[in-house]
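**Student:** Starting off with a structure, shown below.
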Amino acid sequence: MPSRVLRALAGFVSAAVALAMGHVVAALFNPAASPVVVVGSQLVDLSPTPVKEVAVRYLGTADKPVLIAAVAVVVLIAGALLGLLAWQRPRIASVGVATLGLVGAVVALLRPGFGGSAVVPSLVASVVGVATLMGLVWWANTPTPAHRAGVSVGGVSRRHLMIGTAAGAAVAALALGGAVVIDRVKQAGAAAARRLGLPTPASPATPIPDGAQVPGNTPFTTSIEDFYRVDIALTTPSYSTEGWSLTLDGDVENPMTISYDELMEMPMIERDITMTCVSNEVGGPYVGTARWLGVPFSDLLPKLGVKPGVDQLFSYSMDSGYTCSTPFQAVSDGRDAMIVVGMNGEVLPNKNGFPARMLVPGLFGFVSATKWLNRIEFTTYDKRKAYWSERGWATDADVRTQARIDVPESLGTITKDKPVLAGVAWAQHRGIEKVEIRIDGGEWIETTLADDAGIDLWRQWSHVYDGPPGGHTAEVRATDLDGNTQPEERQPVFPSGATGWHLIRFTSA
Ligand SMILES: Nc1nc2c(c(=O)[nH]1)N[C@H]1C(S)=C(S)[C@@H](COP(=O)(O)O)O[C@H]1N2
Ligand SMILES: [Mo]
C-alpha cells in the first residue's frame with residue numbers, strides 16, 4: 001500500500017480534477033452551476049444576516065471569492081481523507097467521492113430558477129472524481145517492469161502513483177485555465193451583444209464618401225480610443241443605468257423624467273458630427289469626429305411644450321457639480337442637436353458620458369456637450385449661470401473656423417516621391433469653403449479639398465509641395481461658407497476659443 005501522504009495526495013488530486021472538470025463544464029453553459037459556486041451561493045443564502053454582515057465587514061467585496069475558495073478547500077480535504085481509504089476500502093471511497101458531487105447536484109436542483117440542466121456540472125464532477133481516484137488505485141497497483149523482474153517489492157508502484165497524480169494535477173490546472181478562457185470569450189461576446197443591443201436608428205447616417213479621406217492623413221472618423229477627452233472629473237465616472245433617469249423640466253408645459261429603457265425606445269437619429277473643445281490651441285488635438293446615435297431635440301421639444309421666453313438650456317451632470325448653458329435657439333433651429341446614447345456603433349463609453357450626453361453641432365463642447373447628463377432645465381440666461389461662465393468663460397460660443405496641418409508632423413520631412421502636405425479644417429454647422437496654404441510666408445495658395453461629408457463635419461485638405469528642398473514653414477487658414485476667413489491675430493483659448501494660423505516647420509528632402 002502506498003504511504004499515507006501519497007494516498008491523501010491521490011484523493012486530493014482526484015477531488016481537484018473533479019471540481020475543475022465540473023467548473024469548466026459549467027463555464028460552457030451556466031457558470032453559476034459550477035459545483036463550488038452553487039454550494040457557495042447556497043451557503044450565502046442560508047447564512048443568517050449577522051453572519052453575512054460580519055463576512056462583508058471583514059472580507060469586503062472579497063467575501064464571495066473567499067467563500068467559494070472555502071468550499072473548494074473543504075472538498076479537497078474530504079478528497080484527501082477519502083484517498084486514505086481508497087486502497088483498503090475502494091467502494092466506500094468511491095461512494096464518498098460520488099456523494100460530494102451529488103451534494104452539488106442536489107443544491108443545484110434546489111436553487112430557484114436553475115432548471116434541471118444545472119445538475120450536469122456536479123454529476124460530471126462526481127463521475128470524474130470517482131474515475132480519477134479508482135484509476136489512480138488501479139495504475140498504482142499495476143506492476144512496473146521493476147516488479148516483474150522481481151527487483152521491487154510491495155505490489156505497488158510509487159512511480160506510477162506519482163506520475164498519475166502529477167498528470168491529474170495537470171488536467172485540473174488545464175481545466176481551470178480552460179474555464180477562464182471560456183469566461184473571457186463569453187464576456188467579449190456579451191460586449192458584442194451590447195453593441196447589437198443599441199437601437200436601430202430611425203434615421204441612419206448618410207455614408208461618408210470615400211473621397212472625404214486623404215490617404216495618409218488623420219482618419220476621418222476618430223476611434224473611441226483616440227477621441228479626445230476633456231472634463232473636470234478626476235477619474236472616469238462610471239454610472240449604472242439602473243436608477244438613472246433624465247429629467248427635462250423648467251419652463252415647459254409637460255416636464256418629463258425618462259428612464260434609460262424609455263430613452264432607448266425613442267426614435268433615434270445617427271449622425272457623423274465633429275466636436276471641438278474651446279481649450280484647443282491653434283493646431284491642437286482637442287477635435288474629433290464620431291458617429292453619434294441619439295434622440296433628437298426636435299422630437300422632444302414638441303412633447304415638452306417649451307414656454308415663450310426660454311432662451312437657455314441649463315444642463316446638469318451627475319459628476320462634480322458641472323453645469324452647462326446652451327442657447328435654446330441652437331437646439332430648436334433644425335440642426336441635429338441630440339441626447340446621445342451611442343458612439344461609433346457602441347454604447348456611449350464611460351469617458352464620453354455614459355449613460356447619456358448632449359451634443360449640438362456647431363458649438364464648443366463646454367456650452368453644449370454635457371456628459372453624464374441627468375437633467376436639462378429650460379430657463380433663461382438671467383436665471384442660471386453655468387460652471388465655466390462663473391469662471392469667466394463665454395456663456396455662448398460657436399466653434400471657431402480652424403485649419404490644422406497634420407502631415408508632415410511639425411519638424412517632419414516630406415520626400416520627393418511623396419511631397420504632400422495635408423490636414424483637416426472645421427467650422428461646424430457653417431461648413432468649409434476653402435483652405436489656403438502659404439510656404440515661407442509667400443503667396444496664399446488654395447489647397448485641394450477632399451470630398452465634403454456635410455457642414456457639421458471637418459473637411460480634409462491636401463497640397464502637393466513643389467518648391468526647393470531644405471527647411472521651410474507652412475501656414476494654413478480656412479474660410480467657412482459664411483465667408484469668414486480665419487484671422488491672423490493670435491488670441492488665447494480663454495474665454496471663447498483660440499484664433500490665429502497654424503504654422504509648422506518642415507524639411508523637404
Ligand atoms: N459632465 C461634464 N460634461 C462635460 C465636461 C465636463 O467637464 N463635465 N466638459 C465639456 C467639454 S469642455 C468638452 S470639450 C466635451 C468633451 O467631450 P469628450 O470628453 O467626450 O471629448 O465635454 C463637455 N462635457
Ligand atoms: Mo471643452
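No value in this document is a laboratory result; all are computed from the given coordinates. These numbers were taken from a predicted model, which means no experiment stands behind them. As a convention, Cβ positions derive from the backbone with ideal geometry for all residues, glycine included, and neighbour counts pool all protein chains shown.
**Student:** When Lys and Arg each count +1 and Asp and Glu each count -1, what net charge do the other residues less than 13 Å away from R7, Cβ to Cβ, add up to?
**Tutor:** +3
**Student:** Arranged from highest to lowest average of other beta-carbon atoms within 10 Å per residue, in what order do the peptides 259-271, 418-430, 94-106 appear?
**Tutor:** 418-430, 94-106, 259-271
**Student:** Find the Rg to Rh ratio for the range 402-508, where Rh is the Kirkwood radius over alpha-carbon pairs and Rg uses the same atoms.
**Tutor:** On the Cα set of the range 402-508, Rg over Rh gives 0.97.
**Student:** Now a separate question. When the label point is put 7 Å from the Cα of L503 along its Cα-to-beta-carbon vector, which residues of the range 279-302 have a backbone N closer than 14 Å?
**Tutor:** 282-283
**Student:** Same structure, new question: Give me the three principal axis extents of the chain from the C-alpha atoms, as integers in angstrom, largest value leading.
**Tutor:** So the three principal-axis extents are 103, 67, 39 Å.
**Student:** Taking H as built 1.01 Å from N, whose amide H comes closer than 5 Å to the amide H of V306, not counting residues under 5 places away?
**Tutor:** Under 5 Å from the amide H of V306: E253.
**Student:** Among 386-399, 281-294, 31-44, how do they line up by average Cβ neighbours within 10 Å per residue, starting with the highest? Present the calculation step by step, with values, prior to reporting the outcome.
**Tutor:** Values: 386-399: 17.6, 281-294: 20.1, 31-44: 21.9.
Top of the packing list down: 31-44, 281-294, 386-399.
**Student:** While we're here: At a Förster distance of 45 Å, what's the computed FRET efficiency of S238 paired with Q491, Cβ-Cβ distance as r, to 0.05? Before the final figure, lay out the partial values.
**Tutor:** Working: r = 37 Å, r/R0 = 0.82.
So, using R0 = 45 Å, E works out to roughly 0.75.
**Student:** Could the peptides 6-18, 165-177, 353-365 be put in order, highest first, of the mean number of other beta-carbon atoms found within 10 Å of their residues?
**Tutor:** Details: 6-18: 26.3, 165-177: 17.0, 353-365: 24.7.
In descending order of packing, they fall as 6-18, 353-365, 165-177.
**Student:** A follow-up question, please. Quote to one decimal, in nm, the extra length available between V127 and S245 on full extension: 0.36 nm per residue of separation minus the C-alpha distance between them. Could you put the intermediate results ahead of the total?
**Tutor:** Details: separation 118, 0.36 × 118 = 42.48 nm, distance 5.07 nm.
Length gained between V127 and S245: 37.4 nm.
**Student:** Need one number: nm distance between label points at T200 and W138, each 7 Å from Cα along Cα→Cβ, rounded to one decimal.
**Tutor:** 5.7 nm
**Student:** Now a separate question. Figure the gain on full extension for Q88 and A32 (residue separation times 0.36 nm, minus the Cα-Cα span) and round it to one decimal in nm. Please list the in-between numbers first.
**Tutor:** On the way: separation 56, 0.36 × 56 = 20.16 nm, distance 3.65 nm.
Extra length from Q88 to A32 when fully extended: 16.5 nm.
**Student:** Sticking with this structure for a sec: Charges on Cβ only, +1 for Lys and Arg, -1 for Asp and Glu, centred on the Cα centroid of the chain; of G79, P469, V230, which one is farthest towards the dipole's positive end?
**Tutor:** It is G79, whose Cα lies furthest towards the positive end.
**Student:** Which whole DSSP H helices in the chain pass both tests: a Cα extent of 18 Å or more along the axis and a mean Kyte-Doolittle value no lower than -0.5?
**Tutor:** The answer, listed by residue number, is 4-29, 63-85, 90-110, 120-141, 158-196.
**Student:** Cα-Cα over 31 Å: which of K303/K385; K307/K434; K307/K385; K307/K371; K186/K303?
**Tutor:** From the list (K303/K385; K307/K434; K307/K385; K307/K371; K186/K303), the Cα-Cα distance tops 31 Å for K307/K434; K186/K303.
**Student:** Amide H neighbours of I258 under 5 Å, counting only residues 5+ apart in sequence or on other chains, H built in-plane at 1.01 Å?
**Tutor:** L246, T247, L248
**Student:** How big is the dipole moment of the range 210-391 about its Cα centre under a simple scheme where the beta carbon of each Lys and Arg is +1, that of each Asp and Glu is -1, and everything else is neutral? Debye, nearest 20, please.
**Tutor:** Computed about the Cα centre, the dipole is about 420 debye.
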